[in-house]
Amino acid sequence: MASPPLPKLGVWKFASCDGCQLSLLALEDELLAIADRLFLADFREASSRIDPGPFDLSLVEGSVTTEEDVQRIQGIRAHSRTLVTIGACATAGGIQALRNFADVEEYRSVVYAHPEYIHTLGRSTPISAHVKVDLELRGCPVNKRQLLEVVTAYLAHRAPNLPGESVCEECKRAGHVCVLVAHGTPCLGPVTHAGCGALCPAVDRGCYGCYGPQDTPNAPSLIRRIEELGMPRPELRRFFRTFNAAAPAFEAASRSLSEEGPA
């Protein structure tokens, strides 16, 4: 009796730096352990093999920034049974979503010698703004262990075990002194999704929000506390406009700090 075919894996890139795909490749030994349970159908960062699909599992990195991107992600969705977005670009528009707060036409005219050749959308948007997404894995870049958990959970036909709490809980478990309370250092840890291992607070620096908003963020409360520490509103606004500037909770927080008020 013939064995059932292996699940087909596709890994796709949109507007991004490739860091999340590299996180997958950085698993190395762990990937080898599950390599015989997956068929690598299309992963151009790792292999020249291109299989037309359909795909059982698609991992998508990057944001949608052009009309061609919109059409392409719709095609990938149509040929994918399960679609998972990986990283801040795919889940929240990425650092390039800073365009969402400015005039793209002005940027285009200033940056490029021939702006007429540059075709782009006015906003950088997450994949979920255009197609149904089955799971979002945050981070800039993603935590490779969480990425492995997503793939192995798929192979085991179970839900992945992923944290929903804030970076503060990672800090407490590791025994780090709270930089916000003890030193008055502005920190987004209370509103940021866990996953980095509290990397910045571990070296007495405030969290920059690389993993985006945690499941139940209270940004207004944190804003009041950081303002009490003396951070000017324009600087505090920039604090929320980094890797996950277009994540709804962070975007709402930064717009509430704009000179003209919420927009």
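The values are calculated or read from the model by the stated rules, or taken from the named source; none is laboratory data. Model, not experiment: these values are computed from the prediction. Glycine gets a Cβ as well: all are built from the backbone with ideal geometry, and neighbour counts include every protein chain shown.
Odds and ends about this structure:
- Cβ pairs under 6 Å, 6+ apart, first in the range 239-260 and within 18 Å of Pro190 (Cβ to Cβ), second among the charged types (D, E, K, R) and not in a helix (DSSP H, G or I): Ser254/Arg241
- Among the criteria (1) touching a residue at least 40 places away in the same chain (Cβ under 8 Å); (2) farther than 30 Å from Ala102 by Cα, the one Glu169 does not fulfil is (1).
- Lone unmet requirement of (1) more than 15 Å from the chain's Cα centre (by Cα); (2) at pLDDT 95 or above; (3) among the polar types (S, T, N, Q) for Thr125: (1)
- Residue count for the range 44-68, restricted to those that are within 24 Å of the chain's Cα centre (by Cα) and over 26 Å from Leu121 (Cβ atoms): 4
- Test: residue in the range 42-50 that is modelled with pLDDT of 90 or more, touching a strand residue (DSSP E or B) at 6+ places or on another chain (Cβ under 6 Å) and surrounded by 13 or more Cβ atoms within 10 Å (Cβ to Cβ): yes
- Those helices (runs of 4 or more DSSP H) lying entirely in the range 44-113 with at least 2 residues assigned by TED's automatic domain parsing to the domain that holds Ser23, over 22 Å from Leu135 (Cα atoms) and without any contact (Cβ under 8 Å) to a residue 12 or more places away in the chain: 104-111
- Residue within the range 197-210 that is in contact (Cβ under 8 Å) with a residue 24 or more places away in the chain, acidic (Asp, Glu), farther than 26 Å from Gly93 by Cα and not in a helix (DSSP H, G or I) present: yes
- Residue within the range 212-223 that is closer than 20 Å to Glu165 by Cβ, touching a His at 6+ places or on another chain (Cβ under 8 Å) and surrounded by fewer than 13 Cβ atoms within 10 Å (Cβ to Cβ) present: yes
- Filter result for Ala153 (of a type outside the set (Asp, Glu), surrounded by fewer than 17 Cβ atoms within 10 Å (Cβ to Cβ) and not in a loop (DSSP other than H, G, I, E, B)): yes
- Hits in the range 103-141 - residues which are β-branched (Val, Ile, Thr) and more than 13 Å from Ala92 (Cα to Cα): Val104, Val110, Val111, Ile118, Thr120, Val131
- Single residue of the range 172-211 satisfying the filter (crowded, with 21+ Cβ neighbours inside 10 Å and in contact with an Asp or Glu (Cβ under 7 Å, 6 or more places away or on another chain)) that is farthest from Ala245 (Cα to Cα): Val179
- Residue within the range 101-124 that is closer than 30 Å to Ala194 by Cα and surrounded by fewer than 17 Cβ atoms within 10 Å (Cβ to Cβ) present: yes
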